[in-house]
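First comes the structure, then the notes that go with it.
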Amino acid sequence: QVQLVESGGGLVQPGGSLRLSCAASGRTFSDYTMGWFRQAPGKEREFVAAISWSGANTAYADSVKGRFAISRDNAKNTVYLQMNSLKPEDTAIYSCAAPKVPGWGPAVKYAYWGQGTQVTVSS
């Protein structure tokens, strides 16, 4: 049973930073791509960032490029999302996700989801 547990959310002022963590368990973490998604109130869930099994490849939504950075520590079974220069429009519940099968690219289907962590950007 794959389990994903996020942490690190909170309230931050515009221009501030937060680092989210997602701890994974239940299978060999280092074999799989990992992703971050977010959902704002009244909006659909949207892709934020993804990282390949080794960390050699990353992908970002245009809205966060240059401000967010995804990374992973396979020894700790953890993926991170460093968020800088936060804006009010970044306010959302952020969830990490993992696919059932190894792979990389936009066709990856995410099957396992964490419960999410709230990020609120407000003065």
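The values are calculated or read from the model by the stated rules, or taken from the named source; none is laboratory data. This structure is a prediction, so every number in the text was calculated from the model and none was measured. Positions of Cβ are generated from backbone atoms using ideal geometry, with glycine treated the same way; all protein chains shown enter the neighbour counts. Just so you know, the surface numbers come from the protein's heavy atoms only, side chains and all, with ligands and any DNA or RNA stripped out. Shrake-Rupley method; radii C 1.70, N 1.55, O 1.52, S 1.80 Å.
What whole-number value in Å² describes the accessible area per residue of region 1-43 for a 1.4 Å probe? Write out the running numbers ahead of the final one.
Values: 2220 Å² over 43 residues.
I get 52 Å² per residue for region 1-43.
Accessible area ranking (1.4 Å probe, heavy atoms, ligands and nucleic acids excluded), largest first, for Glu89, Glu6: Glu89, Glu6.
Only one residue of Val121, Phe47, Ser25 has its Cα farthest out toward the positive end of the dipole of the chain, where Lys and Arg carry +1 and Asp and Glu -1 on Cβ, and that residue is Ser25.
Pairs of Cα atoms nearer than 8 Å and 6+ residues apart set the relative contact order; for region 1-58 it is 26 percent.
Summarise the accessible area of the chain (1.4 Å probe, protein heavy atoms) by the percent that is carbon and sulfur.
Values: 3130 of 6470 Å².
Carbon plus sulfur share of accessible area: 48 percent.
Near Gly103, the amide H atoms lying under 5 Å from its own belong to Thr33; only residues 5 or more places off or on other chains count, and H is placed 1.01 Å from N. Couplings 3J(HN,Hα) of region 104-119, computed from phi: 8, x, x, 7, 4, 9, 8, 10, 10, 9, x, 7, x, 9, 7, 10 Hz, in residue order, whole Hz [Karplus 6.51 cos²θ - 1.76 cosθ + 1.60, θ = phi - 60°; x for Gly and Pro]. Shown here is the pair-distance distribution of region 1-59: with all Cα-Cα distances grouped in 5 Å bins from zero up to the longest one, the shares run 4, 14, 19, 25, 21, 10, 6, 1 percent.
Considering all different alpha carbon pairs of the chain, the Kirkwood hydrodynamic radius works out to 14.3 Å. Note on the chain: dipole from Cβ charges, positive end direction compared against Ala56, Tyr80, Gln1; the farthest Cα belongs to Gln1.
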